[in-house]
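Trainee: Starting off with a structure, shown below.
The values are calculated or read from the model by the stated rules, or taken from the named source; none is laboratory data. From a predicted model like this one, the values you see are computed outputs, not experimental measurements. Please note: Cβ atoms are built from the backbone with ideal geometry, for glycine as well, and neighbour counts cover all protein chains shown. What goes into the accessible areas is simple: the full protein's heavy atoms, side chains included, and nothing from ligands, DNA or RNA. Shrake-Rupley method; radii C 1.70, N 1.55, O 1.52, S 1.80 Å.
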Amino acid sequence: MIAALTGMGLSAAAGLNAYIPFLLVALVARFTDVLTLPQSYAWIESWWAIGIGALLLLTEVVLDKIPAVDTVNDAVQTFIRPSMGGLVFAATSAADQIDRSTWMTDHPWVGIALGVVVSGLVHTGKTVARPAINAGTLGFGAPVASTVEDGASIGMSLVAVFLPVLVIVLLVALAALLVWLWRVARRRRRRRDSRSALA
């Protein structure tokens, strides 16, 4: 159960930013004993993987804060974020020292599939909410929304690794936040459109 919660939390974080949970897992596995990745996933903590992940994170952080470019970035990330969610779910499930679940060991594809689904759902919510936020705020909301998403990804990743029992609470809060942001932006856009129609 703990491994599944860790995997779900990291996958959800990957739905917001693919590289934050990847780098967190890589750095925690490399520098601590909290995570010991199995041989098949040991490449994640290599210096070249950490370097590439850091470069991709920097690119993502910059691009995601520019209105219109963020929408293109989200389209490209449609393939990357769910894949990364599946990867971190599978890696941390395989590394888990608490569950010792033979069923998950015998069926490793289940972790990958769950990670892809969870990350894909969060990514979809982000992708749908962001254009509404951009339109509702004339683009000024993009950097703010992106910063909040990055912060949420960091927080979710940390909780998933160090306090996985809180993951369910954070997933519910994340879903509520995405729905709320989407509704607020939609309301603002409707008001703006109605003012334009009256003018």
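Trainee: Could you do me a favour and compute the accessible area per residue for segment 132-199, 1.4 Å probe, result in Å²? List each step's numbers first, then the result.
Mentor: Values: 4080 Å² over 68 residues.
Dividing the accessible area of segment 132-199 by its residue count gives 60 Å².
Trainee: Further, regarding this structure: When each pair of different Cα atoms in the chain is counted once in the 1/r mean, what is the Kirkwood radius in angstroms, to one decimal?
Mentor: Working: mean 1/r = 0.0582 Å⁻¹.
For the chain, inverting the mean 1/r across all distinct Cα pairs yields 17.2 Å.
Trainee: Now for a different question. Would you calculate, for the chain, the mean residue ellipticity at 222 nm contributed by helices, counting each DSSP H stretch of 4 or more residues as -39,500 (n - 2.57) and dividing by all residues, to the nearest 500?
Mentor: On the way: 8 runs with 160 residues, N = 199.
Only helices count here, giving -27500 deg cm²/dmol.
Trainee: Give the Rg/Rh ratio for segment 13-101, taking Rg as the radius of gyration of the Cα atoms and Rh as the Kirkwood radius, to two decimals.
Mentor: Rounded to two decimals, Rg/Rh equals 1.02.
Trainee: What's the extension gain from residue 52 to residue 162 if we count 0.36 nm per residue and subtract their Cα-Cα distance? Please report the intermediate quantities before stating the final value.
Mentor: On the way: separation 110, 0.36 × 110 = 39.60 nm, distance 2.45 nm.
Net length gain for the segment: 37.1 nm.
Trainee: Oh, and also: Can you pull the one-decimal nm distance between simple spin-label points at residue 192 and residue 169, each 7 Å off the Cα toward Cβ?
Mentor: So the label points at residue 192 and residue 169 sit 3.6 nm apart.
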